[in-house]
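Here's the structure, in structure tokens; my notes come after.
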Amino acid sequence: GAVVSQHPSWVICKSGTSVKIECRSLDFQATTMFWYRQFPKQSLMLMATSNEGSKATYEQGVEKDKFLINHASLTLSTLTVTSAHPEDSSFYICSAAPAHEQFFGPGTRLTVL
Amino acid sequence: DQQVKQNSPSLSVQEGRISILNCDYTNSMFDYFLWYKKYPAEGPTFLISISSIKDKNEDGRFTVFLNKSAKHLSLHIVPSQPGDSAVYFCAASAEGSARQLTFGSGTQLTVLP
């Protein structure tokens, strides 16, 4: 299957700082990528759809100014958690789809102290 | 409103027997269904998918069945192996939605040796 990478795999930061997470499609081009978060023992929650060359589409309840998404190329989307707070601690996962099937990155564990 | 439901949070099966994981959906616009396997702190791994024009798709030990009239799909794993122990998510997407996935809440499968 297609390969999607994420970096970093885990990050610990202080409250108030910003954290950038990268999502790359390694062997295909993706005009659309998706960002999810998962809380412990819960399902994946779609946060936003990242569109190459245009603004991201955010799901209801997701703050655009807090979760900045940039899809600058056909293989890279970034999610920046701005002014992170402890409640932003979560597992963030991106995905991309060369066809109907979405392939997921390995996830990024964010811990905000 | 949960559009994709997995009503069994957990399932235990003996090694070598069949595992059957169930999923129900409510949105009749869904036309593509997928199953993912997920280990803790990792991104979901794509297993198998099915289009709404089919009622069965098989790939090795994994078979997905779709009953459109009942809005129900199931994943059969046979024979089950201890390495299959993981959380299984079903997901659905609709044409024209940028292929966004709507996930069920997941079923923890434990295959006992």
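Using alpha carbon centroids, what distance separates the stretch A:1-71 and the stretch B:70-113, in Å? Result: 22 Å between the Cα centres. Mean partner shielding of peptide A:102-111, defined as the number of other chain Cβ atoms within 10 Å of each residue Cβ, is 4.
Over 21 Å apart at the Cα level, from the set B:K5/B:K68; A:K20/A:K55; A:K66/B:K5; B:K5/B:K71; A:K41/A:K64; A:K41/B:K56, are A:K66/B:K5; A:K41/A:K64; A:K41/B:K56.
Simple point charges give the picture: +1 on the Cβ of Lys and Arg, -1 on the Cβ of Asp and Glu, and for chain B a dipole about the Cα centre of about 80 debye. Peptide packing for B:34-40, A:6-12 was compared via the average number of neighbouring C-beta atoms within 10 Å per residue; ordered from the highest value, the list is B:34-40, A:6-12.
Placing a label point 7 Å from the Cα of A:L113 along the Cα-to-Cβ line, the residues of the stretch A:68-106 whose backbone N sits under 14 Å from it are A:86.
What range in chain A is the longest one free of trypsin sites (Lys or Arg not before Pro) that are in a loop by DSSP and have at most 15 other Cβ atoms within 10 angstrom? With trypsin sites (Lys or Arg not before Pro) excluded where exposed in loops, chain A gives A:67-113 as its longest stretch. With the alpha-carbon atoms of the protein assembly as shown aligned to their principal axes, the span from lowest to highest coordinate is 50, 38, 35 Å, starting with the largest. Here the Karplus relation 6.51 cos²θ - 1.76 cosθ + 1.60, evaluated at θ = phi - 60°, turns the backbone of the stretch B:73-90 into coupling constants of 9, 9, 10, 10, 10, 8, x, 6, 10, x, x, 7, 4, 4, 8, 10, 10, 9 Hz, with x for every Gly and Pro.
Here the Karplus relation 6.51 cos²θ - 1.76 cosθ + 1.60, evaluated at θ = phi - 60°, turns the backbone of the stretch A:11-20 into coupling constants of 8, 10, 9, 7, 4, x, 8, 10, 10, 10 Hz, with x for every Gly and Pro.
We did not get these values from a lab; they are worked out from the coordinates using the rules stated. This one's a predicted model, so the numbers in the text were calculated from it and none came from an experiment. A quick note on method: Cβ atoms are made from the backbone with ideal geometry, for glycine too, and the neighbour counts reach across all protein chains shown.
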